[in-house]
Structures are given as structure tokens and as C-alpha cells.
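Each remark here refers to the structure printed beneath this line.
We did not get these values from a lab; they are worked out from the coordinates using the rules stated. The structure presented is a predicted model; accordingly, all values stated were derived computationally and were not measured. All Cβ positions, glycine included, derive from the backbone under ideal geometry; neighbour counts span all protein chains shown.
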2 protein chains.
Amino acid sequence: MEKLFAQTPKPPYYAVLFTSKIMNASGAYDSLADKMLQLVSEQDGFLGYEAARDHLGITISYWKDLDAIKKWKNQIAHQKAQERGKKEFYEAYKVRIVKVLNDYEFFNSL
Amino acid sequence: MEKLFAQTPKPPYYAVLFTSKIMNASGAYDSLADKMLQLVSEQDGFLGYEAARDHLGITISYWKDLDAIKKWKNQIAHQKAQERGKKEFYEAYKVRIVKVLNDYEFFNSL
């Protein structure tokens, strides 16, 4: 249960909301996404992520501060993946950089 | 294409990140979710939403300000739905209130 959600610290912290529409779901996309997930997990200031996909994909990554987000955006292998994503995989995407002000959770005891 | 993502204004604006694990997917859940979606669309300050579900559900609702979020949280029918959700539908959920600082988007021209 504990690993159901990203184990984020007490606010404030930061997040990147990445909403996307894939053009072509493929093994190549999954493979690149897996690589990026591995890579992002090693970044300083990365706190965790949550993701779901049906008609839209939503990935939320959590970060210690805005500087860590900026460094990840400019990380070389990630830059190349972003370029490849624009050419091959994404019909469209939207990125929102946010500050988490408050959070709370519920776990059913049934 | 335009309606793929929530049509949010220039930042700053606010959002509620709702990450959930459903205990029992059911027609009753879908029906209540549809009602809440109808109701939230009528709230002052509501800007739109994006949602996806596979093993986790992620719903992001966008809002003009924190006061609009607070009013929606306390709206009577929504309060009742939250109570029912805790008893009948959710194994767990996490809510994060965020301020959107910056955003950008990409549309493929291929």
C-alpha cells in the first residue's frame, strides 16, 4: 500500500504535470520511457512519480526544488529523448510546472 | 485537438492532483463520478480537468484560485460523494493542492 503513491515529503515541494497524447504506441516508445524512468530516478532532487494512461497519458514527477526540475529538463539523454518524442511518438503534450502547497491522504481500513 | 487538454489560462492558476486506487470498479462508481463531473463543471472558478486511469487513477482539476478549491471541497453534494467514496469505492487516495507556476505545450505538425 505504501508504494501506491509517490512517497513525497511534507510540502512545499514541486512537481511536473506531463499530459500527453501518443501518436503511435510501440515497443520503441515503451523502451525509451523505461530508460527515462531509470534515468530520472537517479537525478538529484527527484522524489518519485505517479502515472496512468488511457485515452490520455498523465505522468506526475515530484521534485525537491525548481533547480532540480531545470537540470532534468536539460539533462543530455533526456534532451535527446524529448526530441525523439516530438518526432516519433507524441501527437501533443502539455507540461505544467507546479508548487505543491498542501497534501493529505486517505487509506481505507475496511 | 484543442480539447485534448484542459484549456487553462496563462499562469498562475491552481490545481488539485487526485491520485486514487479504486477498491471496486462498478457502475455505481462511474455514475457518481459522472455526477460529480457535471457538478464541478458548474462551480465558480473551475477551469477544466484531465484524467486517466489504469492501475492508478489520476484526475487533475484546474482552478482560478484557492478559494474556489475550498468551496468545491465543502460543496454539500460533493461532501456526500466524498463520504460515500471513502466507504464504498476507494482503497486509498492522495490529494495535493498545487499552484501552477509555468506551462508550455507541443502539438505535432506531422
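Taking amide hydrogens as placed 1.01 Å from N in the peptide plane, the amide H of B:ALA92 sits under 5 Å from those of A:ASN108, B:LYS21, each at least 5 positions away in sequence or on another chain.
Treating r as the C-beta distance of B:ARG84 and B:PHE107 and R0 as 45 Å, the FRET efficiency rounds to 0.70.
When A:ILE76 is represented by a point 7 angstrom out along its Cα-to-C-beta vector, the spacings to that point in the other copies are 6.3 nm, nearest first. With both labels modelled 7 Å from their Cα along Cα-to-Cβ, the A:ASP67 to B:ALA77 distance reads 4.9 nm. Normalised by the number of residues in chain A, the average gap of Cα pairs under 8 Å and 6 or more apart makes the relative contact order 45 percent.
Modelled spin labels at B:VAL95 and B:ASP34, positioned 7 Å past Cα toward Cβ, are 2.5 nm from each other. Couplings 3J(HN,Hα) for the range B:53-62, derived from phi with the Karplus relation 6.51 cos²θ - 1.76 cosθ + 1.60 (θ = phi - 60°), are 9, 9, 6, 10, x, 10, 10, 10, 10, 10 Hz, where x marks Gly and Pro. Put simply, when A:56-62, B:54-60, A:103-109 are sorted by average Cβ atoms within 10 angstrom per residue, most first, you get A:56-62, B:54-60, A:103-109.
Charge dipole of the range A:13-100 (Cα centre as origin; +1 on each Lys and Arg Cβ, -1 on each Asp and Glu Cβ, all else neutral): 320 debye, rounded to the nearest 20. Computed 3J(HN,Hα) for the range B:66-72, one whole-Hz value per residue from the Karplus formula 6.51 cos²θ - 1.76 cosθ + 1.60 where θ = phi - 60°, is 5, 5, 5, 5, 5, 5, 5, glycine and proline marked x.
Counting, for every residue in A:49-57, the Cβ atoms of other protein chains within 10 Å of its Cβ and taking the mean gives 5. Across the copies of the chain, A:VAL95 has label points (7 Å from Cα along Cα→Cβ) spaced 3.0 nm apart, shortest distance listed first.
With its label point put 7 Å out from Cα toward Cβ, A:SER26 sits 4.3 nm from the same residue's point in the other copies, in order from shortest.
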